[in-house]
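The values are calculated or read from the model by the stated rules, or taken from the named source; none is laboratory data. A quick note: this is a predicted structure, and the numbers were derived from the prediction, not measured. Positions of Cβ are backbone-derived with ideal geometry, glycine not excepted, and every protein chain shown enters the neighbour counts.
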Protein chains: 2
Amino acid sequence: MKAKITLKDIARELEVSISTVSKALKNSEEISRDTKEKVQAFAKLYNYKPNNIAISLKNKRTKNIGVVIPAIVHHFFTTVIRGIEKYANARGYNVIVCLSEESFDKEVINMEMLANGSIDGFIMSLSSETQQKGDYNHLKEVTEQGIPVVLFDRITNEIDCDKVIIDDQMGAYVATKKLIEQGRKKIALITTDDYLSVSKARTEGYRKALLESELDIDESIILKLSTMEMDEERIRDFFDAQEVDAVLCVNEIFTVFSMRLVQKKGLKIPEDISFIGFTDGLLSKYANPSLTVVAQHGEKMGEISAQMLIDKVESEEEEESFHTKILEPTLVIRNSTIN
Amino acid sequence: MKAKITLKDIARELEVSISTVSKALKNSEEISRDTKEKVQAFAKLYNYKPNNIAISLKNKRTKNIGVVIPAIVHHFFTTVIRGIEKYANARGYNVIVCLSEESFDKEVINMEMLANGSIDGFIMSLSSETQQKGDYNHLKEVTEQGIPVVLFDRITNEIDCDKVIIDDQMGAYVATKKLIEQGRKKIALITTDDYLSVSKARTEGYRKALLESELDIDESIILKLSTMEMDEERIRDFFDAQEVDAVLCVNEIFTVFSMRLVQKKGLKIPEDISFIGFTDGLLSKYANPSLTVVAQHGEKMGEISAQMLIDKVESEEEEESFHTKILEPTLVIRNSTIN
DNA sequence: TATCAACACGAAACCGTTTTCGTTCGGTGT
DNA sequence: ACACCGAACGAAAACGGTTTCGTGTTGATA
């Protein structure tokens, strides 16, 4: 086991000072050609690599970014992480992933763990519990310390920081419009409670489309499930009680599960009933029939979030200007709607 | 913006030395009750938190672990990450995720980025390119430096380190046996090239089951796709050319895609043809029909990997003993096979 | 020959902790 | 009165770098 070599080791071995070694390795003009070559050769031979921690301590930059998300076993979030990782890596940053598991407390603990020097900035999407409580003090503390934060997807307006979202309202609006154009009259909405910023926006888009088309908004065919987890029972009850000819769901899982329920009842998709979901993941592609969905472009969101964060981290000036980037959702037409 | 406060700040303010502050905060016996109370009160008031980087530098422990995996948009890997994150967090560790995207070069670069002090150890699953090349020098270098490594799922025997896998051979064996018991005679296998350690083991299990049952091994109904990515064309051609009554696939996507192909040809699942896949993800649960699969227990694998790694990191002794933990796969019966 | 700039390098501070090893001071024992 | 002791605290080294600011040695110039 050969331990890593330090500047001090090189200096001792070559009988020069540590400063000389440091400068030589940086190709400083101060150092003679001879010495530089000697030092660099020696460093290469012994595979010298500077210690990241020491460098971080010196220039108060870790080149790490913290990503705090509610869940990872969700296609949307994994694509976002992928986008973040790709972009960050290209700029020499590493990504520390923390899972809040939809819990306020875990979100707070995670942020505290990272906020003491481990990272240069945060990229986050709020846990549902946090959005429900409306308590954002952990975010305030962090931003007040001067640590940059980028919020994506599940955001709040109570915090001044950069934000990246898709136009959820428009996504739902376009999807609902599509269903209406195809002659659907009783369009159900399966969503989660309104405290989730995205669900709220989607519900608004849904309502807006119905209003514009002078269709009634029937509250009894709007199903609000309490979390992002599946409450299979309630969905079952819902379809037992309601007769609808189209369904808009705020995620893939609700959609696929609902489709299977109505298929079991003998309905044909999309002839008898159409479905549109959110998130263009594997489920959508490989479901039977394949799903028409509102694509959220998670990878793009990740890239943009990472770019905004790193730009802010690396900008010297304390600019107090924050931007909200709104991406346009795309309707991906497949076979759960009439073509 | 209130910057974070340091020991030095507290010392200056309270007119004591830095050492006194440090000790007071640690409740050292050396410091008088009076001074301790003063210091602790002040620290609380100004929300003092020690700087992680400085501590890392001091005791050469970062409390970060590096996770290098080929992809994240795969249910299996996300569950592993979740297991790792959960366990690691509980022991006060953070998780840095790096994606090799199945590329050897990216794997090497990622490891080099992290191996210079950023992490205390690695948990990895090899990229397919790495397994194909059989070049493990980046792993050797890291282990020779004394950095602990735990390999999971896609492993190699050329590196001495802890390993966590499921018994892939047994998984495929049990699945194949199941199909045979149900009277299937022509059982196809859809896998990837043998350089992937897991695919190789699964192929062996498949062969073993056939041999034991005195069924012919028909090489023409073994389809080897070149990567983990989907080559839809070849699967299509395969099912056009072959008549089989059961299919074992090494992942969910192959399975679902194949099912849809044969369904389009008018075959009934599972009456005419049965399917078994690997990985118990969302696709399996929500496919139509739902999939019978070999569950890999990714979260458990993650937890165990994290435990092995952290135990090694925190053990003082330089024990050169490595263990391989083999988890038992579970056959989850659903509707793509006869019940 | 005294002066000076350029060159090549080293000393030391610094980042924020921890920890070892003094040091000071008042009190105790004899 | 003297040595000794323990309590309470501070100085300084150390972790591994970067960077500023000298400093000694040249050779050229006036």
Review point. In region A:249-290, which residue that is among the polar types (S, T, N, Q) and in contact (Cβ under 8 Å) with a residue 24 or more places away in the chain is surrounded by the fewest Cβ atoms within 10 Å (Cβ to Cβ)?
Key: A:290
Point to revise | Answer residue from region B:239-267, given it is within 13 Å of chain A (Cβ to nearest Cβ) and outside any helix (DSSP H, G or I) and is modelled with the lowest pLDDT among those | key: B:251
Review point. How many residues are of a type in the set (Lys, Arg), more than 26 Å from residue B:308 (Cα to Cα) and not in a loop (DSSP other than H, G, I, E, B) if we restrict to region B:158-212?
Key: 4
Practice item. Of the numbered conditions (1) in contact (Cβ under 8 Å) with a residue 24 or more places away in the chain; (2) buried (at least 16 other Cβ atoms within 10 Å of the Cβ), residue A:243 fails exactly one; give the number of that condition. Key: (2)
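So that you can scan it fast, the table gives a plain yes or no per residue for (1) within 8 Å of DNA strand C (Cβ to nearest atom); (2) touching an Asp or Glu at 6+ places or on another chain (Cβ under 8 Å); (3) at pLDDT below 95:
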site: B:4; (1), (2), (3): yes, no, yes
site: B:18; (1), (2), (3): yes, no, no
site: B:21; (1), (2), (3): yes, no, no
site: B:24; (1), (2), (3): no, no, no
site: B:29; (1), (2), (3): no, no, yes
site: B:41; (1), (2), (3): no, no, no
**Study point:** The one condition in (1) within 16 Å of DNA strand D (Cβ to nearest atom); (2) under 19 Å from residue B:111 (Cα atoms) that residue A:64 fails to fulfil
**Key:** (1)
Review point. Of all residues in region B:269-295, how many are within 14 Å of chain A (Cβ to nearest Cβ), in a loop (DSSP other than H, G, I, E, B), at negative phi and not charged (D, E, K, R)?
Key: 7
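The rows are residues; the columns are (1) buried (at least 22 other Cβ atoms within 10 Å of the Cβ); (2) small (Gly, Ala, Ser); (3) more than 8 Å from chain B (Cβ to nearest Cβ); (4) under 24 Å from residue A:252 (Cα atoms).
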{"site": "A:78", "(1), (2), (3), (4)": "yes, no, no, yes"}
{"site": "A:90", "(1), (2), (3), (4)": "no, yes, yes, no"}
{"site": "A:93", "(1), (2), (3), (4)": "yes, no, yes, no"}
{"site": "A:108", "(1), (2), (3), (4)": "no, no, yes, no"}
{"site": "A:114", "(1), (2), (3), (4)": "yes, no, no, no"}
{"site": "A:117", "(1), (2), (3), (4)": "no, yes, no, no"}
Practice item. Evaluate the following for residue B:202: is it crowded, with 22+ Cβ neighbours inside 10 Å, of a type in the set (Lys, Arg) and outside the structural domain of residue B:127 (by TED's automatic domain parsing)? Key: yes
**Study point:** Scan of region A:48-73 for residues that are facing another protein chain (nearest Cβ under 8 Å) and over 19 Å from residue A:122 (Cβ atoms), ordered by number
**Key:** A:49, A:50, A:51, A:52, A:53, A:54, A:57, A:73
Check your understanding: Tell me, which residue of region A:20-36 that is within 17 Å of residue A:50 (Cα to Cα) and more than 11 Å from DNA strand D (Cβ to nearest atom) is nearest to the other protein chains (Cβ to nearest Cβ)?
Key -> A:27
Point to revise | Which numbered condition residue B:215 misses (of (1) among the hydrophobic types (A, V, I, L, M, F, W, C); (2) touching a residue at least 12 places away in the same chain (Cβ under 8 Å); (3) in a helix (DSSP H, G or I)) | key: (3)
Point to revise | Residue under evaluation residue B:336, criteria (1) in contact with a helix residue (DSSP H, G or I) (Cβ under 6 Å, 6 or more places away or on another chain); (2) not in a helix (DSSP H, G or I), criterion not met | key: (1)
